Amino acid sequence: QVQLVESGGGLVQAGGSLRLSCAPSRSTLTRNTMGWFRQAPGKERDFVAAIWWGLSGTRYADSVKGRFTISVDNAKNTVFLQMNSLKPEDTAVYYCAAREGWDLPPIRPDLYDSWGQGTQVTVSS
């Protein structure tokens, strides 16, 4: 069953912006680390960004640093990924994920135990 629900994906021109949202289910409300991953057709699932819920600490993949911003709204129990200056190579299915941990968020997807179904992001040239 769905553990997290992503939304906000779509088609955008290169240089444009999109804002993804992720809402937790009851089973994931106790998680304190949230992450975003992406997977292009025929490729492995790669780390994009992560944040400690309720804290300011963040981590980004080098490929998105300076363009993407991960944030949380504690009142709405929602995590966001603001994506600016999008490039065609950003095209992928984007997934939100959650885990319990207070150390530096891992970049390996197998270390996250709660996942959404993904939302498609397509960036055209």
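The values are calculated or read from the model by the stated rules, or taken from the named source; none is laboratory data. On a predicted model such as this, the values are computed, not experimentally measured, just so you know. Note that each Cβ is placed from the backbone with ideal geometry, even for glycine, and that neighbours are counted across all protein chains shown. These area figures cover heavy atoms from the full protein model, side chains too; ligands, DNA and RNA do not enter into them. Shrake-Rupley method; radii C 1.70, N 1.55, O 1.52, S 1.80 Å.
Please give the number of the condition Val64 fails out of (1) more than 19 Å from Ser125 (Cα to Cα); (2) β-branched (Val, Ile, Thr); (3) in a loop (DSSP other than H, G, I, E, B). Going through the list (1) more than 19 Å from Ser125 (Cα to Cα); (2) β-branched (Val, Ile, Thr); (3) in a loop (DSSP other than H, G, I, E, B), Val64 breaks only (1). Of the residues making up the stretch 34-46, those that are open to solvent by 30 Å² or more (accessible area, probe 1.4 Å) and not in a loop (DSSP other than H, G, I, E, B) are Arg38, Gln39, Asp46. The residues in the stretch 47-58 that are in a strand (DSSP E or B) and surrounded by fewer than 18 Cβ atoms within 10 Å (Cβ to Cβ) can be counted, and the count is 1. Within the bounds of the stretch 109-122, is there any residue that is surrounded by 19 or more Cβ atoms within 10 Å (Cβ to Cβ), at pLDDT 95 or above and in a strand (DSSP E or B)? The answer is yes, given that some residue of the stretch 109-122 is surrounded by 19 or more Cβ atoms within 10 Å (Cβ to Cβ), at pLDDT 95 or above and in a strand (DSSP E or B). Applying the criterion of being at pLDDT below 95 and surrounded by fewer than 16 Cβ atoms within 10 Å (Cβ to Cβ) to the residues of the stretch 59-74, the residue that is nearest to Leu104 (Cα to Cα) is Ser71. Looking across the stretch 80-105, the residues that are in contact (Cβ under 8 Å) with a residue 12 or more places away in the chain, part of a loop (DSSP other than H, G, I, E, B) and farther than 18 Å from Arg67 by Cα come down to Glu100, Gly101, Trp102, Leu104, Pro105.
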